[in-house]
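Asker: Dropping a structure here in structure tokens format, bear with me for questions.
The values are calculated or read from the model by the stated rules, or taken from the named source; none is laboratory data. Fair warning: this is a prediction, and the values are worked out from it, not measured in the lab. Neighbour counts run over all protein chains shown; Cβ positions are idealised from the backbone, glycine included. The area values use the complete protein model at the heavy-atom level, side chains included, leaving out ligands, DNA and RNA. Shrake-Rupley method; radii C 1.70, N 1.55, O 1.52, S 1.80 Å.
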Amino acid sequence: MAQLENSSNYVLAPSPGRKGLTRAVQGFDHNGNAVDLNVVEERPLTIYLNRREIVTAMTIGDYPEYLALGFLRNQGMLTDKDVVTAVDFDAEVETVVVRTEIETDHEDKLAKKTRTSGCAVGTVFGDMMAGLEGVALPQTPVKTSDLYALAAVINRTPSLYLEAGAIHGTVLCHGDRPLVYMEDVGRHNAVDKIAGWMLSEGITAQDKILYTTGRLTSEMVIKTAMMGIPVLASRSGFTAWGVDIAQQVGLTLIGRMKGQRFVCLAGEHRLIRDADPKAVADEPRKTGRKGAA
């Protein structure tokens, strides 16, 4: 596995200056002046499960082993019964092979694969809802003071997003501490990297919070629930199906979290409102959009 990087707050934090994640490109601004910009690199990564090719995803290329493990786990291709014997990354051919003690057969799922919503390339399967039938999320409470503290730290963390943009971030948190911050061109990839890290490190999910910079879509909700994490929060908004699924599985779904404000559209019973919103530094409201918050 990739070597963990330390920071003052995180177990694993973004490395915006890491070689190969961005490339300098010259362009011209609105006045016709030459400008130099760092833009995010994206490259294909082909994931194999034993001898079977599963998917080729577009990714920024960091932590490919975590991405492969997390993707397979979140798609139900790796279960608690499967014993992973090796995760082999070949940088030259941009391939990860996840090997298990007993080979599995996912031909039926491969026949039903569909594109994900959102940006970049991802893959989900037509029967992705089937894995939610037995999900029972823990009733772990979450303090609003922790949510405010997390947002304040995460939004100020040096990241590839702040360096170059065009990228999504997802953060695994415990209480008021952010633990692992992953970024990628697709928000689904960032979540899968966290799932892979949790699987490889044996990290439990019942007392965790997942924070994302992207929209709270059906796929984000499904992945969070499949990981066993009871709370999903974001600065961004919701999709109706994402809300419906969160209500169905009992996941606490918090969006539009900016400054003093947030909206909880599912699982409000977990919230312990121990913080006075007036004591939290606010962000100015946007204008010109009906219902902005």
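Asker: Pairs only if they're at least six apart or on different chains, beta carbon under 9 angstrom, first in region 22-44 and closer than 9 Å to Ala164 by Cβ and touching a residue at least 60 places away in the same chain (Cβ under 8 Å), second open to solvent by 50 Å² or more (accessible area, probe 1.4 Å) and charged (D, E, K, R); list them, first residue then second.
Answerer: Note: pairs meeting the criteria are Thr22/Glu163; Asn38/Arg23; Asn38/Glu163; Val39/Arg23; Val40/Arg23; Val40/Glu163.
Asker: Take the residues in region 129-162 that are of a type in the set (S, T, N, Q) and within 15 Å of Met257 (Cβ to Cβ), then tell me which one is most open to solvent (accessible area, probe 1.4 Å).
Answerer: The extreme case among them is Asn155.
Asker: Six or more apart or on different chains, Cβ under 8 Å: which pairs go from a residue in region 76-91 that's closer than 21 Å to Ile222 by Cβ and without any contact (Cβ under 8 Å) to a residue 24 or more places away in the chain to one that's open to solvent by 60 Å² or more (accessible area, probe 1.4 Å) and not hydroxyl-bearing (Ser, Thr, Tyr)? Could you list them?
Answerer: Within 8 Å, the pairs are Asp82/Glu101; Asp82/Ile102.
Asker: Could you give every pair whose Cβ atoms fall below 8 Å, whose first residue belongs to region 200-225 and is free of Cβ contacts under 8 Å to residues at least 40 places away in the same chain, and whose second residue is of a type in the set (Lys, Arg), counting only separations of at least 6 or pairs across chains?
Answerer: Listed pairs, sorted by first residue: Met220/Arg187.
Asker: Check Asp207, Asp176, Asp184, Asp244 and return the single one that is touching a strand residue (DSSP E or B) at 6+ places or on another chain (Cβ under 9 Å), acidic (Asp, Glu) and surrounded by 24 or more Cβ atoms within 10 Å (Cβ to Cβ).
Answerer: Criteria check complete, one pass: Asp184.
Asker: I've got another one for you. For the list (1) of a type in the set (Val, Ile, Thr); (2) over 21 Å from Leu12 (Cα atoms); (3) out of contact with any Pro (no Cβ under 9 Å at 6 or more places or on another chain); (4) open to solvent by 60 Å² or more (accessible area, probe 1.4 Å), I need the number of the one condition that Val221 fails.
Answerer: Only one criterion is unmet by Val221, namely (4).
Here is a yes/no grid of residues against (1) within 15 Å of Lys193 (Cα to Cα); (2) among the hydrophobic types (A, V, I, L, M, F, W, C):
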residue	(1), (2)
His30	no, no
Asn38	no, no
Glu42	no, no
Ile47	yes, yes
Ala57	yes, yes
Leu69	yes, yes
Asp80	no, no
Val83	no, yes
Ala91	no, yes
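Asker: Here's something else I'd like to know. Condition first: surrounded by fewer than 22 Cβ atoms within 10 Å (Cβ to Cβ) and β-branched (Val, Ile, Thr). Now tell me which residues in region 187-204 satisfy that.
Answerer: If the condition is that a residue be surrounded by fewer than 22 Cβ atoms within 10 Å (Cβ to Cβ) and β-branched (Val, Ile, Thr), then Ile203, Thr204 are the ones that fit.
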